[in-house]
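Only one structure is covered here, and it is reproduced in the block below.
The values are calculated or read from the model by the stated rules, or taken from the named source; none is laboratory data. For clarity, every value in this text was computed on a predicted model and none was experimentally measured. Cβ placement follows ideal geometry from the backbone for every residue including glycine, while neighbour counts extend to all protein chains displayed. For accessibility, only protein heavy atoms count, side chains too; no ligands or nucleic acids. Shrake-Rupley method; radii C 1.70, N 1.55, O 1.52, S 1.80 Å.
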Amino acid sequence: MDPFAVQYRRLRALFDAFLAPEITAILLPLTKPGLRLSTRGEVPVHLGGTPQLPPDEPWPTWNGRPLDFLGAIDFAGLAGLPRIPGLPACRAAFYYASGIPRPWGDEPSQRDGWRVFTGALRPATPPPGALSYPQTTLGAAPFLSLPSPQEAVIQRLEMVYDGIVPVYEQLHAAWTRHTCPDEAPAHQLGGWPNLVQRPIGPDCLYASTGRSLNSLNPPALTPDEQRAVEEWHLLLQLDSDDRLGWYWGDPGRIYFCNRHDTPLEQTWLTVQAA
């Protein structure tokens with residue numbers, strides 16, 4: 001049975017109960033498949049635990065501080081699940097300067113504050129000062145993700161259908177509870193990011209091209225850049241999680257983002273916290 005087809009029917013029923021048919025017809029094609037990481041998933045994914053690095057790779061640092069190992073994900077091992085567009089087919093180790101002060105991804109100079117390594121990964125010994133997190137095994141399960149209410153595609157709907165955003169906010173929250181039960185941390189691979197603040201695509205494009213995000217407002221982009229934002233997609237979302245000792249804010253989340261056909265080593269990171 002196709003899990004996405006089942007969820008699609010449930011989502012359609014939810015929308016049909018509260019929205020006009022023409023709005024449902026606009027929203028349903030916006031869904032994106034993703035993988036939720038929780039205790040109910042089917043394929044094991046390990047966060048924290050023993051650090052992994054390519055052979056002979058020095059331990060990554062930022063401003064003289066060692067980065068902290070967040071986890072190594074075997075994307076090839078997810079092949080038994082439905083395909084998720086944008087996810088690679090390799091193993092990848094994720095590092096971040098998670099101590100305080102930490103990089104938020106809003107300055108080009110913070111580029112070395114996170115790293116993604118691929119290839120033949122081997123156990124590595126962390127240097128003094130690196131934070132260690134206990135291995136936590138979660139399971140990957142397919143789910144249909146919805147754009148957060150802050151996304152531009154939803155905000156544009158408000159210009160045509162006045163008052164739709166408050167209704168959609170409630171539907172989005174209900175669907176999030178359905179796909180992420182028990183108020184578990186919202187870890188995920190691919191799909192739409194579950195935003196805390198504003199869309200992450202414009203921020204990633206802006207900062208990764210050498211410009212500082214020094215305003216609470218979204219960056220001003222040229223028409224070409226607005227189209228280029230569509231190339232950015234979520235690779236990995238990591239929520240605050242007591243099991244791992246992660247606290248990015250209340251709520252707070254880390255987003256590793258990449259562009260299509262771009263090496264994972266060029267992944268950009270952004271952090272959002274309330």
- Message: Taking the Cα centroid of region 97-138 and of region 1-41, what is the distance between the two, rounded to the nearest whole Å?
- Response: 34
- With the dipole of region 130-249 defined by +1 on each Lys or Arg Cβ and -1 on each Asp or Glu Cβ, the option from Ile164, Leu216, Asn194 whose Cα lies farthest towards the positive pole is Leu216
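Give, in nm to one decimal, the length gained when the segment between Ser109 and Glu57 is fully stretched (0.36 nm per residue of separation minus the Cα-Cα distance). List each step's numbers first, then the result.
Working: separation 52, 0.36 × 52 = 18.72 nm, distance 2.18 nm.
Contour length minus Cα-Cα distance gives 16.5 nm.
Calculate, in whole percent, how much of the Cα-Cα pair population of region 85-167 lies beyond 15 Å. Kindly include the intermediate steps, with their values, before the conclusion.
Values: 2619 of 3403 pairs.
Counting every Cα pair in region 85-167, those more than 15 Å apart make up 77 percent.
How do Asp106, Asp241 rank by accessible surface area computed with a 1.4 Å probe, from largest to smallest? Write out the running numbers ahead of the final one.
Numbers: Asp106 50, Asp241 5 Å².
Result of the area sort, largest leading: Asp106, Asp241.
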- Amide H of Ser148: which non-local residues (sequence gap of 5 or more, or other chain) have their own amide H closer than 5 Å, using H built in the peptide plane? Leu195
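To the nearest 20 debye, what charge dipole does the chain have about its Cα centre, counting +1 at the Cβ of each Lys and Arg and -1 at the Cβ of each Asp and Glu? Show your work: numbers first, answer last.
Numbers: 21 positive and 28 negative charges, 79 e Å.
Dipole about the Cα centre, nearest 20: 380 debye.
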- Task: Could you pull out every residue, at least 5 positions away or on a different chain, whose amide H is within less than 5 Å of the one on Cys90? Hs are placed 1.01 Å off N in the peptide plane, and Pro or chain starts have none.
- Result: Phe75, Ala76
- Excluding ligands and nucleic acids, what accessible area in Å² is computed for Arg9 using a 1.4 Å probe, to the nearest 10? 150
- Residue-wise HN-Hα coupling along region 202-214, computed from phi with Karplus coefficients 6.51, -1.76, 1.60 (Hz; x: Gly, Pro): x, 5, 5, 4, 5, 5, 6, 9, x, 10, 8, 8, 10
- Message: Given N residues in region 177-274, what is its alpha carbon radius of gyration divided by 2.2 N^0.38 Å?
- Response: 1.12
- Note on the structure: Within region 34-52, the residues whose backbone N lies under 17 Å from a label point placed 7 Å from the Cα of Asp242 along the Cα-to-Cβ direction are 39
- Counting only protein heavy atoms and using a 1.4 Å probe, what share of the accessible area of the chain belongs to carbon plus sulfur, as a whole percent? 53
- Under 5 Å, built H, 5+ apart or other chain: amide partners of Arg122: Leu53
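What is the Cα radius of gyration of region 101-212 over 2.2 N^0.38 Å, N being its residue count?
Numbers: Rg = 18.4 Å, N = 112, 2.2 N^0.38 = 13.2 Å.
This ratio for region 101-212 stands at 1.39.
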